[in-house]
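These notes concern the structure reproduced below.
The values are calculated or read from the model by the stated rules, or taken from the named source; none is laboratory data. Computed from a predicted model, the values in this text were never measured in an experiment. All Cβ positions, glycine included, derive from the backbone under ideal geometry; neighbour counts span all protein chains shown.
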Amino acid sequence: MMGMTDAIGFLAGALTTIAFVPQALKMYATKSGKDVSARMLMIFSAGVVLWLIYGIMIGSLPVILSNVVTLVLSATIIALKIRYSRSNPRDTHGPGLP
């Protein structure tokens, strides 16, 4: 049975993870990554990796699961940014850091 602490952890993880879905869908639909900062994505992803390590170290399933899913979504957004920046010459930020 899940306690209140874990329930809040899973809910917080789900909400913060789901927040990336609209951005990924928009990038896929518009085929553009120009409005997303590569620098922000890289810094954010590094933070997610550290949260994942922390979750593993303390054995917190909500922290581990939410950060694994967030890392996958973040990597997807980074890949879309690189892909669409290369294929869209109008994207002035390019595949590198803006």
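Restricting to the range 1-59, name every residue that is acidic (Asp, Glu), part of a helix (DSSP H, G or I) and under 15 Å from LYS81 (Cα atoms).
So the first thing to find is which residues in the range 1-59 are acidic (Asp, Glu), and the list is 6, 35.
With the extra rule that they be part of a helix (DSSP H, G or I), the set shrinks to 6.
Within the range 1-59, none qualify.
Filtering the range 1-18 for residues that are loosely packed, with under 12 Cβ neighbours inside 10 Å, among the hydrophobic types (A, V, I, L, M, F, W, C) and at pLDDT below 85 leaves a non-empty set.
Name the residues in the range 35-50 that are buried (at least 18 other Cβ atoms within 10 Å of the Cβ) and either modelled with pLDDT of 90 or more or closer than 17 Å to ALA7 by Cβ (or both), would you?
Looking only at the range 35-50, we keep the residues that are buried (at least 18 other Cβ atoms within 10 Å of the Cβ), and these are 36, 38, 41, 48.
The one that is buried (at least 18 other Cβ atoms within 10 Å of the Cβ) and either modelled with pLDDT of 90 or more or closer than 17 Å to ALA7 by Cβ (or both): VAL48.
The set of residues in the range 12-45 that are within 24 Å of VAL63 (Cα to Cα) and either of a type in the set (Val, Ile, Thr) or without any contact (Cβ under 8 Å) to a residue 12 or more places away in the chain (or both) comprises LEU15, THR16, THR17, ILE18, ALA19, VAL21, PRO22, MET40, ILE43.
Among the criteria (1) at pLDDT 85 or above; (2) out of contact with any Phe, Trp or Tyr (no Cβ under 6 Å at 6 or more places or on another chain), the one GLY96 does not fulfil is (1). TYR54 satisfies every condition listed in (1) in contact (Cβ under 8 Å) with a residue 12 or more places away in the chain; (2) surrounded by fewer than 18 Cβ atoms within 10 Å (Cβ to Cβ) except (1). Name the pairs: first residue in the range 60-76 and part of a helix (DSSP H, G or I) and crowded, with 17+ Cβ neighbours inside 10 Å, second residue of a type outside the set (Ser, Thr, Tyr) and at pLDDT below 90, Cβ to Cβ under 6 Å, at least 6 apart or on different chains? Going by the 6 Å Cβ cut-off, the qualifying pairs are PRO62/ASP6; PRO62/GLY9; PRO62/PHE10; PRO62/GLY13; SER66/GLY13; LEU73/PHE20.
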